[in-house]
Each structure stands twice: as structure tokens, then as C-alpha cells.
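Right, one structure below, let's go through it.
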Amino acid sequence: MLLLNIHHTALAVADLDVALERFREQYGVEPLYREVVESQGVEEAMIPIGGSHVQLLQPLDRDTPVGRFIERNGEGLHHVAFQVADIESALIHLEQQGARLVDTKPRTGGGGHRIAFVHPEAFGGTLIELVEVT
């Protein structure tokens, strides 16, 4: 498995409008896009930073993974996403290495990319997302 890039770092936020305004004021950046991803229960905004991105995630409901995360931990770092060339091969490799997977098959994420999550137990308590850019 080859990691190509840090695709994005995701921050869970309670209010996407407030978070975007804070990023505009403090860092002078604008999102590439903003979209609702119903299948993941979030509204997201993707902000380009150099060769990577910061993804802001607002839960659509308290009873979603990001909603529960904010209830437990407050706003903050949610996950780190690595870009891979072939997500199926990456998942097979991780399974063979004994990593606990959240997703054994890819699904569609923000921007229409193929994604899969690796459980935080697989690497020091950090949720990892794999992204195959389409």
C-alpha cells in the first residue's frame, strides 16, 4: 500500500457557518466547496491549504458519528485522511496486517471520492480515512 498524500485533516464543528467565518477572518481562506453528505450525516466544507485540505464537518443531527463525537469530545480534530491510488488494495493490505476496519468496502464520500475508514484502535486512537480521488 502506498500513501500518496495527506488528503485532508477533518475538524468537527458545531456550526459550520461560524467555523468558516473564523477561518476567513483568521487565515484568509475560502472553501473550495460546501456540501451535504447525507450518507455520513454531515455538512462539510473543504478548504485548500497548500497541497492538502482542512475539512470542516458539522453534524446534521446529534445521533450521527460526528454528532456523537462532538457530544463526547467537543469540537476539534476528528480524523486524518490519506490519499491512496487503489482503495480496495489498501483495505486488503490493512486487513492482512490485522488492522481493524470501520469499512471493509469503499463508499462514496464528499466530492464524490471513494472513501473508507480505519478504526482508531488500528493506530494510536486516531481515526484514519482512506481517500481514492475520482
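List of remarks:
- Placed amide H near Asn5: partners under 5 Å, 5+ positions off or other chain: Gln83
- Linear extension gain, Val133 paired with Glu30, 0.36 nm per residue minus alpha-carbon span: 35.0 nm
- Considering only the chain, percent of DSSP beta bridges that pair antiparallel, nearest 5: 80
- Dipole of the stretch 18-88, positive direction: furthest Cα of Leu57, Ala85, Asn73, with charges on the beta-carbon: Asn73
- The chain: relative contact order as a whole-number percent, Cα under 8 Å and 6+ apart: 25
- Label point 7 Å beyond Cα of His93 along Cβ direction - residues of the stretch 1-26 with amide nitrogen under 16 Å: 1-7
- Under 5 Å, built H, 5+ apart or other chain: amide partners of His79: Ala10
- Put a plus charge on the Cβ of each Lys and Arg, a minus charge on the Cβ of each Asp and Glu, and nothing anywhere else: the dipole of the stretch 3-132 about its Cα centre is then about 260 debye.
Read the figures in this text as sums done on the coordinates, not as results from a lab. Quantities reported herein were computed from a predicted structural model and do not represent experimental measurements. Because the Cβ atoms are built from the backbone with ideal geometry, glycine has one as well, and the counts that use them run over all protein chains shown.
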